[in-house]
Amino acid sequence: MAEQVLDTLILSDLHLGSEVSRAREATELLSNVNFRRLVLLGDIFSDLNFSRLTSEHWKFLSRIRKLSNPKRKVEVVWVEGNHDKGLSQMMSHLVGVPVYQRYVWEFEGRRHVAVHGHQFDPFCLKNESLSRFGERLFYEIQKLEGGSKPVSRWIDRVNSRWLRMESRVAEGALLWARAARVERIFCGHTHVAGHINRNGVDYYNSGSWIDANPTYITVAEEGVEIRKYDGPRYVPEPMVEVEPAHEQLPLGELLDPMTAFAELESVRC
């Protein structure tokens, strides 16, 4: 029996340059799965400081560069995350892939859109300087901690819950997708994998690659699946349920003029 070829593989929030990035496992995944399209759904880098990249981080980028070779016939796209800002042009040249603010494609008659998700996070949008300070502090904690860095990963989970990012991003994405007439919307940003179906719209979050159990999304003829990386075994982490959020940005701040029309398009950086 021929090995399955996925239509699309989606992963996000690798945070290259971070002490907790699982770049080695992500590279292994890309080397052992067949797919026609790869969507890097934002925050592939932790920040603009390339001196923090390890050999494993560079190996991941090298793998992306190889996949982008036209001879492989794999479409590779990078969707910009809030941590990736300022790297768009560099990424296009470094790994040979286009960078988008949002990416749209159709599969089996359904419209799919990939957007990192920070666009639906009010705290991130309104407190960029504070967020940057928190990122630098988090990095210093990672450097001080040894081993598998359980404290750093615990801080990341608690931070997401305290800011209620899962629910805010999910609610904003569902509202946006319904107005844009999109059947499936994919986000990252929250570091919490999950799925919600509402009013004919499916919201999926790809999770992250900094936790003990990295997750990713596959799109194939059988449907959409959120999968855990099944390489080296780790201690399972508790899943967090997405709860409804009451605080949301006004619809006008979530949508751009393109979403008022049926022909939603990808937007390059």
If you average the alpha carbon positions of region 5-72 and of region 160-227, how far apart do those two centres end up, in angstrom?
19 Å
Here the gain from full extension of Leu94 to Thr54, 0.36 nm per residue of separation minus their alpha-carbon distance, amounts to 12.8 nm
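Bear in mind these aren't lab numbers, they're just calculated from the coordinates by the rules spelled out. Only a predicted model underlies this, so the values are computations on that prediction, with no experimental measurement involved.
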